[in-house]
Amino acid sequence: MADIADELVLEVHRSVVMNSNDRIHHMVRHRKTKAIRRLAAARARQWGRTYVGPVRVVVTVQYLRGGRHDASNYQPTGKAAIDGCVDAGVLEDDDDTRVVDTAYRADVVKSARPDHLTLRLRFEPVDPDTTEEP
């Protein structure tokens, strides 16, 4: 596992967390996406890292509570966070030539803050010679 300093840690309040199973009005989705994106951009600017070239993004999810979960269901929240990282300059863009893979993982530890979903984003540089052309 990567050093914790190599991960961008975001604590997202449950009121703006989005799940793939949610059926919400498009304006509510827009408001939540904007809030997550702004949070991620602000935190990413403080973090101060940049990545040039293709990367793999691993999003580790620490849940609000115990029980059974599906980490990939939090893709809408993770995508908004990645977009915020682009806004902050961590990545030049998040198209398929720069983000070659996005993986979602579950953490066995619950989120430390009540009412917050914790996302840990790890950016792993990928050798451009080993990535396939789209």
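Please treat every number below as a calculation from the coordinates, not as lab data. Computed from a predicted model, the values in this text were never measured in an experiment. Cβ placement follows ideal geometry from the backbone for every residue including glycine, while neighbour counts extend to all protein chains displayed.
Quick notes
- Length gained on full extension, Asp129 to Ser72, computed as 0.36 nm times the residue gap minus the Cα-Cα distance: 17.7 nm.
- Relative compactness, the chain, computed as alpha-carbon Rg over 2.2 N^0.38 Å: 1.03
- With a cut-off of 19 Å on the backbone N, the residues of the range 83-120 near the modelled label site 7 Å out from Ser15 along Cα-Cβ are 113-119.
- Between the helical axis of 26-47 and the longest alpha-carbon principal axis of the chain there is an angle of about 60 degrees.
- Helix axis angle, 75-88 relative to the chain longest principal axis, alpha carbon, degrees: 50
- Computed over the chain with a Gaussian network model linking Cα atoms closer than 10 Å, the most mobile of Ala112, Ala44, Ala80 is Ala112.
- Cα→Cβ-extended label distance, 7 Å offset, between Arg65 and Gln46, nm: 2.8
- Here the range 7-125 carries DSSP beta bridges of which approximately 65% are antiparallel, counting only pairs with both residues inside.
- Two-site FRET efficiency, His25 against Ala103, from Cβ-Cβ distance with R₀ of 30 Å, rounded to 0.05: 0.50
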